[in-house]
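Everything on this sheet refers to the single structure shown next.
The values are calculated or read from the model by the stated rules, or taken from the named source; none is laboratory data. Because the structure is predicted, anything quoted here is derived from the model rather than measured. Quick reminder, even Gly has a Cβ in these numbers, built from the backbone with ideal geometry, and neighbours come from all protein chains shown.
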Amino acid sequence: MPDRIVIVGAGVGGLAAAIRQRARGHDVAIFERNDVVGGKLATYVRDGYTFDIGPSLVTLPHVFDEVFRAAGTTLDEQVDLVRLDPQFAYHWTDGSSLTVPDGDDATAAAFDAFAPGGGGAWRAFDTRGRRIWDVAARTFFAGPMSNPWSLATRMRSPFDLLAIDPMRTLHRSAASFFDDRRLVQWADRYATYSGSSPYAAPATLACIPHVEARFGCWYPIGGLDALRAAFEDVARSTGIEIHTATEVTRITAAGTRPDDRVTGVQLADGSHRPADVVIANTDAEHLYADLLQDERALKRVRRAMRSTSGFVMCLGVRGLTAGLHHHNVWFSESYRAEYDRLDAGDLSDDPTIYACVSSVTDASQAPDGCENWFVLVNTPPDVRIDADDYASLVLDRLSDRGVDLRPRAEFVHTMTPDDIAARYRSPGGAIYGSSSNGKRAAFVRPSNRGVRAGLYLVGGSSHPGGGLPLVTTSAKIVDEMIARDQL
């Protein structure tokens, strides 16, 4: 008889885990408290404008293709992906700009034109990133991180540990490659992909720009919601039960010891759904504080530092902005000063501003002759924000850089860390779950194996971390763990 699998939360990690478990012949049911599946892979629609208010970029598309192939289809059959060229446009306070194309030779040429010797420095930095990625993919991302020994068993030699460069920070690594402070800041930005600080996160994260260069930056026509819809369609087509607007209030177990097995979940209406396995696609802090109420586990989980949160603005903008690209970044004057403020729990008054304007690539995302500006500024978790005041500050900073959106904005919709926390049950509004700050971050991040037999964790707060490819990888890790546990 197939095992009964219950999944709490229908984020991408939960959907990917469900598809994999269903492919193994198990009966799978997902319970999602929101009205739509996808978790942080979400959209906001207003007056003909569509905004991706979570992830705005697809990398490592083969990770998603592998999930769909388990269900007998492919990513190409489900989603129309476009490889972006150029990938990003970066702007500095001195008025300089760097547009990064797709392709190694073109990228090196762009870096050389931006700063003498920049192309050679980029190639060396990318070579380092390639080495980190190749080793990390077969070690760090290839299985659970229950303890240091679990990682050691996947390493071919002690040199693998040196290769992933975990002992120095991303900033120190970037400064060793680039003489131009602007290019150091460019490299430092990749710490933000995991909600971390370049001054605390390990140089291992140098693999992220290499991943973009090697595997591309992709956009699904129709927006990131097309990927969300594909996950949902594939899950339903395989016979997975998906219950939306249905909250799980408790995970039940036979006892309180680690070898006491989970027995199912209790729903908000008081009913109980029995299960042999429960996969929690929730923040680990919420899991152990509310759903399992295990103080010892909660104490361990809270050793992991929360990722940054964010202040989001969605602007419907009339007219077209000269020189605008799909992905755009306006850097602060000083990353060090910006992160000193964030680390102190304060908002930066000179924040780095990221803007995704997908209508540049996909006209369906905005009315004719208009732009859909999704703007994100990093903030500390738990910070309280006056949305109107901070939106005004961010618009002022954009105006200072020559991009004044106020006269053309039809509306401004904001989301604060409080909004993010309420919508996704992410403590403090931490966007990526747990951060990568510190040399031991990978080992204090909550394990994929829960504290009761038959309980497993997927998603951004557990190994290997936040972001679409990593939460999808967490589902693969858990799928393989469950298969081994059943032998």
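Looking at residue 298, is it in contact with a strand residue (DSSP E or B) (Cβ under 7 Å, 6 or more places away or on another chain) and outside any strand (DSSP E or B)? Spelling it out, it is not the case that residue 298 is in contact with a strand residue (DSSP E or B) (Cβ under 7 Å, 6 or more places away or on another chain) and outside any strand (DSSP E or B).
Would you say residue 181 is surrounded by fewer than 22 Cβ atoms within 10 Å (Cβ to Cβ), within 28 Å of residue 56 (Cα to Cα) and free of Cβ contacts under 8 Å to residues at least 40 places away in the same chain? For residue 181, the condition - surrounded by fewer than 22 Cβ atoms within 10 Å (Cβ to Cβ), within 28 Å of residue 56 (Cα to Cα) and free of Cβ contacts under 8 Å to residues at least 40 places away in the same chain - is met. Restricting the first member to the stretch 406-424 and to residues that are not assigned by TED's automatic domain parsing to the domain that holds residue 13, and the second to residues that are assigned to a strand (DSSP E or B) and among the charged types (D, E, K, R), the beta-carbon pairs closer than 6 Å and six or more apart or on different chains are 408/318. When the stretch 404-422 is filtered for residues that are among the hydrophobic types (A, V, I, L, M, F, W, C) and surrounded by 20 or more Cβ atoms within 10 Å (Cβ to Cβ), the ones remaining, listed by number, are 405, 412, 415, 420.
Would you mind stating whether residue 282 is more than 30 Å from residue 99 (Cα to Cα) and either surrounded by fewer than 18 Cβ atoms within 10 Å (Cβ to Cβ) or in contact (Cβ under 8 Å) with a residue 12 or more places away in the chain (or both)? Spell out the reasoning first.
Working: more than 30 Å from residue 99 (Cα to Cα): yes; either surrounded by fewer than 18 Cβ atoms within 10 Å (Cβ to Cβ) or in contact (Cβ under 8 Å) with a residue 12 or more places away in the chain (or both): yes.
Yes.
For every residue, the table says whether it meets (1) in contact with a Pro (Cβ under 9 Å, 6 or more places away or on another chain); (2) buried (at least 22 other Cβ atoms within 10 Å of the Cβ); (3) polar (S, T, N, Q).
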residue	(1), (2), (3)
168	yes, no, no
177	no, no, no
186	yes, yes, no
194	no, yes, yes
209	no, yes, no
216	yes, no, no
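Can you spot a residue in the stretch 360-380 that is touching a Phe, Trp or Tyr at 6+ places or on another chain (Cβ under 6 Å), at pLDDT 95 or above and surrounded by fewer than 20 Cβ atoms within 10 Å (Cβ to Cβ)? Looking for residues that are touching a Phe, Trp or Tyr at 6+ places or on another chain (Cβ under 6 Å), at pLDDT 95 or above and surrounded by fewer than 20 Cβ atoms within 10 Å (Cβ to Cβ), one finds at least one in the stretch 360-380, hence yes. If residue 90 meets every condition in (1) outside any strand (DSSP E or B); (2) aromatic (Phe, Trp, Tyr); (3) under 20 Å from residue 358 (Cα atoms) apart from one, which number is that one? The one condition residue 90 does not meet is (1). Among (1) crowded, with 23+ Cβ neighbours inside 10 Å; (2) over 24 Å from residue 141 (Cβ atoms); (3) aliphatic (A, V, I, L, M), where does residue 229 come up short? Exception for residue 229: condition (1).
Applying the condition of being crowded, with 18+ Cβ neighbours inside 10 Å and not small (Gly, Ala, Ser) to the stretch 426-440 and asking which residue is farthest from residue 196 (Cα to Cα) yields 427.
Residue check: is residue 461 under 20 Å from residue 33 (Cα atoms), in contact (Cβ under 8 Å) with a residue 60 or more places away in the chain and part of a loop (DSSP other than H, G, I, E, B)? Against the criterion (under 20 Å from residue 33 (Cα atoms), in contact (Cβ under 8 Å) with a residue 60 or more places away in the chain and part of a loop (DSSP other than H, G, I, E, B)), residue 461 qualifies.
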